[in-house]
Amino acid sequence: MNMFEPTHLDKMYWPEAGYTKGDMLKYYERISPYLLPYLKDRPVVLKRFPHGISGQSFFQKNVEGDVPKFVKRVTIPAETIEKDVHYIVCNNVETLSYLANLGTIELHPWNSRVKKLHHPDFMIFDLDPGEGTTYNDVVAAALQTRELLDELGVSSYPKTSGKKGIHLYVPLGAKYSYDEVRDFAHRVSGTLATRYPKLLTAKRGEEHRHKKIFVDYLRNSVGQTAVAPYSLRASPEATVSTPLNWSEVKKGLNPKLFTIESVLKRLKVKGDLWEPVLSTGVEMKAAAKQLRALASK
């Protein structure tokens, strides 16, 4: 099975915004030069919406059975059950189109690549708003996180989640284990919660999150994922998780403006702002030493 025929292209996937499944396939074909570098050689979790965002959806890790020859898969033992998981690895535009034809609106890749599966290429801080917070609060949390990371000599790169949050990525160049990365991210989130206790929390439970932003460090674990940059989201406006310049992260930032239509135009002007995320990365151990020095003051 070498090729596939796209199906049901007229099916309405975003009724409020008026975009069809065919519009989604066109978007993923056009965005592929920018998106594929962040998917290449990574296991990816699919979030599928076979009948559009108004219908039922499901996450899919394990893809068994026949697939086209151009689709690569990698087999990884599951940690929680005694079973192998057959993940898709999306390395080409043909695979991207094939996944879109399956109703995959959202793509959630691992932080690490297949050849260095236990060494992530980047660290993620997912700024996840609780009830009673505004997007301006999320922006404030992003700026506070950046300020601390700057003190530690750590570069960070923001993107909209495409929904209510902001993601900050720190390039690591696959030099550290997941355990090392999660431990450092945990200590950063704890320091932030101590500095800004009225706005930020490093505790996951809902009782800690009312009117606060959760600095989610737990995505820095084996098998955890975050939505890829340039992935569509299942929002009424057909938003896209979009890389930002830090100059754009300010009061009034509106994630609903980054959509299936606007992001392609934006890329023609700004290019890919996120190329440094896949660079050799920061010296995390030096930053951890700096963080310990800050904590002792």
Return the tail of the calculated pair distribution for the chain, meaning the percent of Cα-Cα pairs more than 28 Å apart.
38
Taking every alpha carbon pair in the range 145-250, what does the distance histogram look like in 10 angstrom bins from 0, in percent?
13, 41, 39, 6
Selected from Phe258, Phe122, Phe58 as most flexible by GNM, with the chain as the system and alpha-carbon contacts under 10 Å:
Phe58
Residues of type aspartates and glutamates that Lys72 reaches as a straight line, Cα spacing below 13 Å, ignoring anything fewer than 8 places off in the same chain
Asp41, Glu64, Glu94
All lysines inside 26 Å of Lys289 as judged from Cα atoms, apart from same-chain residues fewer than 8 positions distant
Lys116, Lys175, Lys203, Lys297
What is the local net charge at Ser97, summed over the other residues whose Cβ is closer than 15 Å to its Cβ (Lys, Arg +1; Asp, Glu -1)?
+2
Cα atoms only: what Rg and Dmax, in Å, come out for the range 65-140?
16.9, 49
What's the magnitude of the charge dipole for the range 203-259 around its Cα centre, counting Lys and Arg as +1 and Asp and Glu as -1 at the beta-carbon? Answer in Debye, nearest 20.
220
What would the Debye equation give as log₁₀ I(q)/I(0) for the range 192-297 at q = 0.11, 0.24, 0.25 Å⁻¹, counting only Cα atoms as equal point scatterers?
-0.54, -1.32, -1.31
Most mobile listed residue (Tyr230, Tyr87, Tyr196) in the chain, GNM with C-alpha springs under 10 Å
Tyr196
Within the set Asp272, Asp41, Asp121, GNM on the chain using Cα springs under 10 Å gives the largest fluctuation to Asp272
Quick one: which of Lys11/Lys256; Lys61/Lys115; Lys198/Lys270; Lys26/Lys270; Lys40/Lys159 span more than 25 angstrom between C-alpha atoms?
Lys198/Lys270
Rg and Dmax of the range 237-297 over Cα atoms: what are they, in angstrom?
16.9, 49
Dipole of the chain, Cα-centred, from +1 at each Lys and Arg C-beta and -1 at each Asp and Glu C-beta, to the nearest 20 debye?
600
Longest principal axis of the chain (C-alpha) makes with the long axis of helix 284-295 (C-alpha) an angle, in degrees to the nearest 10, of 40
The answer for trypsin sites (Lys or Arg not before Pro) in the range 198-286 that fall in a DSSP coil and have at most 11 neighbouring Cβ atoms within 10 Å is Lys198, Lys251
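Coordinate-derived values only; no laboratory data. Every value quoted in this text rests on a predicted model; they were computed, and no experiment measured them. Note that each Cβ is placed from the backbone with ideal geometry, even for glycine, and that neighbours are counted across all protein chains shown.
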